[in-house]
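What follows is a set of notes on a single structure, which appears directly below.
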Amino acid sequence: MNNLFKITILFLVILSLFSCADQPERLLPKSVSKKPEKENCVLESIYRGGEHGFGYSFEYNKENRMTRIFEFADFDSISYVNNLPFKAINTNNSLYQILFEYNNAKLLSGVKFEGKDGQGRPFSYFTKYTTNTLNQITRVELSLSTFETPFIANITYDKKGNILKITSPNNGREITLVENLQFDDKSNPFAETYSDKILMYFIIYSAATGGNNLTFFVNKNNLIKSRINTPDGVVETKFEYEYSKDGLPLKSQINHNGGRMTEKSEETYTYKCQ
C-alpha cells in the first residue's frame, strides 16, 4: 500500500512538471528608461558685434510664430489672423503699417506699406511676391520710395529649404546678389517662426542696397559659407559655430573677406526653452 502511494505521488509530480513546461513563459515587467524629451526652444535674442553689427530680441505666440521684434526700425509688433501674419506696426510710430496679403490658396502674395510721411502726405507701396507650391517665396518685386521702379529679385532654394541664390535681372542677364555655398546639418533657430514671410522684403532690400546677407531669417540650416555682391566687390563670409547639446547655435565666429572689407565679428544667440 505504501509502495502504491509512493508510485502515485511520483507520477503526479512528473505529470505536473510536463504540464508546467507546456505553459508559456510569464515575464516580469521590465523597467524601461525613458529618453529625456528635447526641450522646445525659441530664439530669444541675436547679437552681432563689429562695424556691421546688429542686435534683435524676439517674442512668439504659442505656435512659435514671431509676434515681437525689438530694435528693428520698420516695426516691432506682428498680429495674426488664422495663424497667418496680417499686420505689422511700429508701436512707437503710428504713421504707417505693413499689411500682408494672400491669394485664394492662402499663400503670401505681397505686402503693402501704407501710411503718412513726415509731412503728413499719404503713401502706399505694394511689393508683389510669387510663391511656389512649397510656400516658398521665389520672386519679389520690391516697391519702395527708394526705387524709381520696382526692384526685382529671384530666389532659388535647395531641397531642404535653404536659400541658394538671390539674383536680379539686369540688361537681359541675372546678376547674383547673394550666393549661399554651404550649410551645417543643424536646425536654424529661425525655422518655423514665419520670419521668412515677415521679413522677406527686408532681406531683399538689404541685399539690393547694402550688400548684406540676411537669409538666416529664411534658411532651415545654419549658414557656413557665402558670397555677397557689394558695391565694393564680392565679399566671402565664413561662419564657425559653437552648439548646445541639442544642436542649437550658441555662438559663431564670422570672417568677412573681399572687396574693401576684411572684418571679424562674433554673433551670440540666447534661447527661451520649455
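Taken together, the residues in segment 242-274 that are surrounded by 13 or more Cβ atoms within 10 Å (Cβ to Cβ) and among the acidic types (D, E) amount to 3. For the structure I just gave you, tell me whether G172 is among the small types (G, A, S) and loosely packed, with under 15 Cβ neighbours inside 10 Å. Judged against the criteria, G172 is a match. For the structure I just gave you, tell me whether T193 is more than 30 Å from N61 (Cα to Cα), in contact (Cβ under 8 Å) with a residue 12 or more places away in the chain and among the hydroxyl-bearing types (S, T, Y). So T193 fails the test. Among the residues of this structure, F11 does not count as one that is of a type in the set (F, W, Y) and either at pLDDT 50 or above or within 22 Å of N213 (Cα to Cα) (or both). Which condition breaks for T131 when tested against (1) without any contact (Cβ under 8 Å) to a residue 12 or more places away in the chain; (2) surrounded by 13 or more Cβ atoms within 10 Å (Cβ to Cβ)? With (1) without any contact (Cβ under 8 Å) to a residue 12 or more places away in the chain; (2) surrounded by 13 or more Cβ atoms within 10 Å (Cβ to Cβ) applied to T131, the lone miss is (1). When residues in segment 228-241 are screened for being surrounded by fewer than 18 Cβ atoms within 10 Å (Cβ to Cβ) and either modelled with pLDDT of 95 or more or among the acidic types (D, E) (or both), 4 of them pass.
For first residues located in segment 234-260 and over 12 Å from R48 (Cβ atoms) and touching a residue at least 12 places away in the same chain (Cβ under 8 Å), partners that are part of a loop (DSSP other than H, G, I, E, B) and of a type in the set (G, A, S) and lie 6+ apart or on another chain with Cβ distances below 9 Å form the pairs V234/G259; V235/G211; V235/G259; L250/S244; G259/G211. Selection of segment 176-189 for residues being buried (at least 22 other Cβ atoms within 10 Å of the Cβ) and not in a strand (DSSP E or B) yields only N188.
Any residue in segment 83-96 that is of a type in the set (G, A, S), modelled with pLDDT under 90 and surrounded by fewer than 15 Cβ atoms within 10 Å (Cβ to Cβ)?
Going residue by residue through segment 83-96, those that are of a type in the set (G, A, S) are 88, 94.
If we keep only those that are modelled with pLDDT under 90 as well, we get 94.
Applying the additional criterion that residues be surrounded by fewer than 15 Cβ atoms within 10 Å (Cβ to Cβ) yields 94.
There is at least one residue in segment 83-96 that is of a type in the set (G, A, S), modelled with pLDDT under 90 and surrounded by fewer than 15 Cβ atoms within 10 Å (Cβ to Cβ).
Does K62 satisfy the criteria of being modelled with pLDDT of 85 or more, among the basic types (K, R) and either loosely packed, with under 10 Cβ neighbours inside 10 Å or more than 30 Å from F75 (Cβ to Cβ) (or both)? Outline the logic, then answer.
Details: modelled with pLDDT of 85 or more: yes; among the basic types (K, R): yes; either loosely packed, with under 10 Cβ neighbours inside 10 Å or more than 30 Å from F75 (Cβ to Cβ) (or both): yes.
Against the criterion (modelled with pLDDT of 85 or more, among the basic types (K, R) and either loosely packed, with under 10 Cβ neighbours inside 10 Å or more than 30 Å from F75 (Cβ to Cβ) (or both)), K62 qualifies.
When restricted to residues that are assigned to a loop (DSSP other than H, G, I, E, B) and under 28 Å from K272 (Cα atoms), segment 229-253 contains 5.
Of the residues making up segment 143-159, those that are surrounded by 13 or more Cβ atoms within 10 Å (Cβ to Cβ) and over 22 Å from the mean Cα position of the chain (by Cα) are S143, L144, F147, P150, F151, I152.
The set of residues in segment 140-167 being part of a strand (DSSP E or B), closer than 30 Å to K116 by Cα and out of contact with any Lys or Arg (no Cβ under 8 Å at 6 or more places or on another chain) consists of L142, F151. If you go through segment 113-127 and keep only what is among the acidic types (D, E) and surrounded by 12 or more Cβ atoms within 10 Å (Cβ to Cβ), you end up with just E114. Out of S265, S226, one residue alone is in a strand (DSSP E or B) and in contact with a Phe, Trp or Tyr (Cβ under 9 Å, 6 or more places away or on another chain). It is S226.
If we scan segment 207-225, do we find a residue that is surrounded by fewer than 16 Cβ atoms within 10 Å (Cβ to Cβ) and at pLDDT 95 or above? It would help to see each step written out before you state the result.
Going through segment 207-225, the residues surrounded by fewer than 16 Cβ atoms within 10 Å (Cβ to Cβ) turn out to be 209-210, 225.
From what's left, at pLDDT 95 or above: 225.
For segment 207-225, residues surrounded by fewer than 16 Cβ atoms within 10 Å (Cβ to Cβ) and at pLDDT 95 or above: present.
The values are calculated or read from the model by the stated rules, or taken from the named source; none is laboratory data. It should be emphasised that the depicted structure is a prediction, and the values quoted were computed from it without experimental measurement. Methodologically, a virtual Cβ is constructed for each residue, glycine included, from the backbone with ideal geometry; neighbour enumeration extends over all protein chains shown.
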